[in-house]
Amino acid sequence: MAAPEPEAPTTTAPTRAKDHSPWNWLLFIPIVVPLVPVFFNGDSPRVFGFPRFYWLQLAFILLGVGTTTLVYQMTKKRGGH
Amino acid sequence: MWRDHLTEIIVFSFLFLLVSVMGFVAARWRAPKDMAHLDEWGLGGRSFGGWITWFLVGGDLYTAYTFVAVPALMFGAGAAGFFAVPYTIVIYPLVFLVLVRLWSVSHRHGFVTPADFVRNRFDSPVLALLIAITGIVATMPYIALQLVGIEAVLKTMGVTGDNALARHLPIIIAFAILAAYTYQSGLRAPALIAFVKDSLIYIVILVAVIYLPYKLGGWGDIFAAADAKFDASPNPNDGILLNGNNQLQYVTLAFGSALALFLYPHSITGVLASRNRDVIKRNMSALPAYSLLLGLIALLGYMAIAAGVKPLPGAKEGTVDSNTVVPLLFDQQFPDWFAGVAYAAIGIGALVPAAIMSIAAANLFTRNIYKEYLKRDASPAQEANVSKITSLVVKVGAVACIVFLDPQFSIDLQLIGGVIILQTLPAVALGLYTRWFHRTGLIVGWAVGMGLGMWMLYQVASPTRKHFGGSAFPLSEFGFDTTKTIYVGIVAVAVNLAVAALVTLVLRAAKVEEGIDGTEPDDYFADEGDPRVTPGTERDADSAREPVA
């Protein structure tokens, strides 16, 4: 999949757009989702005896790791300097 | 009686001595040409790669106190204590982009502290001084709390005395050793020790979460035991799930603590010590491994319930020290030698953050008070020296807090610490993105946020205390007709921001001088090998000057 390129760097502001990428918006998902109690504040279903409150919040860790990894991979320096 | 715990004490002491030796040897690890520079002593030469940063920042953020206090909270209150998990999930995506900007601008300008950045960005030594003082005040009790972590372990091993001095002697010795090797090796000491600390903690917790449920009849039984305990208790707000009253508190506390965590000077010190932007970004994906660990550690509180642990008595008559539940659980369930390893993990776990925190506080004093107000032309060598001495003073202060004051006082101060460090958010974190705020607006906002935060904390009562009873502020105090509570820090920082914005608009209309921005947009993207990095040139200039002087 082609990572969305920021507009071609111009000589006046060579690094201006370095941090800008639509991929960054994905970071909001692991910020918002773990802060909505409706998702996790319940007992069933249980997984290995863990109420949902516990296993789901632990699973959100994977959501966070997955998202930051994806964003990092998609936005890191493309094709060197 | 300590004789019953002899094996534990021997294992604990052996591991403790091992890391002490490592602490001293660390001065030669990745040895710099010239240790007499704050970049070397205070930031490890800004050279740490992915693995070292992972161990260092992980060892720094997830402290011994966290490992002892979070399960203690679960033991006492149930689900509300689990906020530590969402807190340490949302932090990483939240700061993913922010911290690399801070790293870049600091790298290019040679900033050592967040206050250095603020001074340059907003052209305001006063604002920088406020940020520095806030950082120092918030960090001090945090260091003292690491001692509480060690004390919980020592108490369980029966290492106590008849009077205050005898009781605290082991801690005084431990901190004297810590102070000595931090003085000598700087940030390299905790970086090296963090390898041992975290390895021990990972081993102990992996064993605990596999072995203990097996012994205690499985996770279902553990949760059932916890549920039964909270059902029987008179407190309406405990339980293995949240209720309508504490959900808002849960999410605001998790979010507010996440915002606060990377404003703490010691977190920033760990981040600035890394080699380049990629190291930080990769670590934002790797550090949540510790969050998983923390989640499992939190559940030790429930295991303690299932195992029928009774916490040891507290410092005052009739109170219990709930921080002892995890050490007691280990003592009760593990063979002696392994309990010793677990205690060492907690004890050493206290040393790493304590060292980094004292270094961070010392750097703030040196850069933003000493160099700014006492000796403007201080050389890098003098800066390093002042920082080393300040780190000693800070540690003596932390020990004094624990020996002479009620430990509850440090716990209160740490609670306050989280709220006050949040008040640096507009200047430090938002400052990385925008210079829209007027420097005076930021100062006024800070003052109002601090005042409001203090007042709210003072108002919070708990079953045992009238004031400073926690950080869950009842919204009914604001006149809302509800029993819901909210985290004090979030309210205080929101008001802080609103006031800062309002004052900014007024001052802008009145055309009040705004000072000059010492940074350029380009600075926020600089990476390793950037040709315009200043610390290197500064140092070259100094080494060239010295022979002449």
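Looking across region B:212-226, just one residue is open to solvent by 60 Å² or more (accessible area, probe 1.4 Å) and without any contact (Cβ under 8 Å) to a residue 24 or more places away in the chain, and that is B:Tyr214.
Is it fair to say A:Trp23 is in contact (Cβ under 8 Å) with a residue 40 or more places away in the chain and of a type outside the set (S, T, N, Q)? Criteria met by A:Trp23. For region B:145-155, filtered to residues that are open to solvent by less than 10 Å² (accessible area, probe 1.4 Å) and under 15 Å from B:Val325 (Cβ atoms), the residue that is nearest to the chain's Cα centre (by Cα) is B:Gly149. Evaluate the following for B:Ile369: is it of a type outside the set (Gly, Ala, Ser) and open to solvent by less than 50 Å² (accessible area, probe 1.4 Å)? Yes.
Scanning region B:480-514 for residues that are assigned to a loop (DSSP other than H, G, I, E, B) and in contact with a helix residue (DSSP H, G or I) (Cβ under 6 Å, 6 or more places away or on another chain) yields B:Thr482, B:Lys484.
Only helices (runs of 4 or more DSSP H) whose full extent lies in region B:242-345 are considered here, and none of them has at least 2 residues that are at positive phi, more than 25 Å from the chain's Cα centre (by Cα) and of a type in the set (Lys, Arg).
Listed here are the residues, each with its yes/no results for (1) without any contact (Cβ under 8 Å) to a residue 24 or more places away in the chain; (2) open to solvent by 40 Å² or more (accessible area, probe 1.4 Å).
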residue	(1), (2)
B:Ala398	no, no
B:Ser410	no, no
B:Leu415	no, yes
B:Gln423	no, no
B:Leu432	no, no
B:Ile443	no, yes
B:Ala447	yes, yes
B:Lys466	yes, yes
B:Thr485	no, no
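Annotation note: of B:Tyr87, B:Tyr142, B:Tyr62, B:Tyr92, the sole residue that is buried (at least 23 other Cβ atoms within 10 Å of the Cβ), modelled with pLDDT under 90 and either within 14 Å of chain A (Cβ to nearest Cβ) or touching a strand residue (DSSP E or B) at 6+ places or on another chain (Cβ under 6 Å) (or both) is B:Tyr62.
Here's the yes/no breakdown for (1) modelled with pLDDT under 85; (2) of a type in the set (Gly, Ala, Ser); (3) within 27 Å of B:Phe262 (Cβ to Cβ):
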| residue | (1), (2), (3) |
| --- | --- |
| B:Lys375 | yes, no, no |
| B:Glu383 | no, no, yes |
| B:Asp412 | yes, no, yes |
| B:Ala429 | no, yes, yes |
| B:Phe437 | no, no, yes |
| B:Gly441 | no, yes, yes |
| B:Gly451 | no, yes, yes |
| B:Arg465 | yes, no, no |
| B:Phe480 | yes, no, no |
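Here is a yes/no grid of residues against (1) under 30 Å from B:Val207 (Cα atoms); (2) surrounded by fewer than 18 Cβ atoms within 10 Å (Cβ to Cβ); (3) basic (Lys, Arg):
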{"residue": "B:Ile346", "(1), (2), (3)": "yes, no, no"}
{"residue": "B:Gln382", "(1), (2), (3)": "no, yes, no"}
{"residue": "B:Val393", "(1), (2), (3)": "no, yes, no"}
{"residue": "B:Cys401", "(1), (2), (3)": "no, no, no"}
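Pairing each residue of region A:60-75 that is facing chain B (nearest Cβ under 7 Å) with any residue that is surrounded by fewer than 22 Cβ atoms within 10 Å (Cβ to Cβ) and among the β-branched types (Val, Ile, Thr), provided the two are 6+ apart or on different chains, yields C-beta distances under 8 Å for A:Phe60/A:Val33; A:Thr67/A:Ile29. Scanning region A:18-53 for residues that are open to solvent by less than 20 Å² (accessible area, probe 1.4 Å), more than 7 Å from every other protein chain (Cβ to nearest Cβ) and not in a loop (DSSP other than H, G, I, E, B) yields one hit, A:Phe40.
Checking B:Val419 against (1) of a type in the set (A, V, I, L, M, F, W, C); (2) touching a residue at least 40 places away in the same chain (Cβ under 8 Å); (3) open to solvent by 40 Å² or more (accessible area, probe 1.4 Å), only one condition comes out false. Which one? Unmet for B:Val419, out of (1) of a type in the set (A, V, I, L, M, F, W, C); (2) touching a residue at least 40 places away in the same chain (Cβ under 8 Å); (3) open to solvent by 40 Å² or more (accessible area, probe 1.4 Å): (3).
Tell me which residues, restricted to region B:200-230, are in contact with a strand residue (DSSP E or B) (Cβ under 8 Å, 6 or more places away or on another chain) and of a type outside the set (Gly, Ala, Ser). Result: B:Trp219, B:Phe223, B:Asp227, B:Phe230.
The values are calculated or read from the model by the stated rules, or taken from the named source; none is laboratory data. Since the structure is predicted, the reported quantities are computational estimates derived from the model, not experimental observations. Here Cβ is always computed from backbone atoms with ideal geometry, including for glycine, and neighbour counts include all displayed protein chains. In case anyone asks, the SASA skips ligands and DNA or RNA and just uses the protein heavy atoms, side chains included. Shrake-Rupley method; radii C 1.70, N 1.55, O 1.52, S 1.80 Å.
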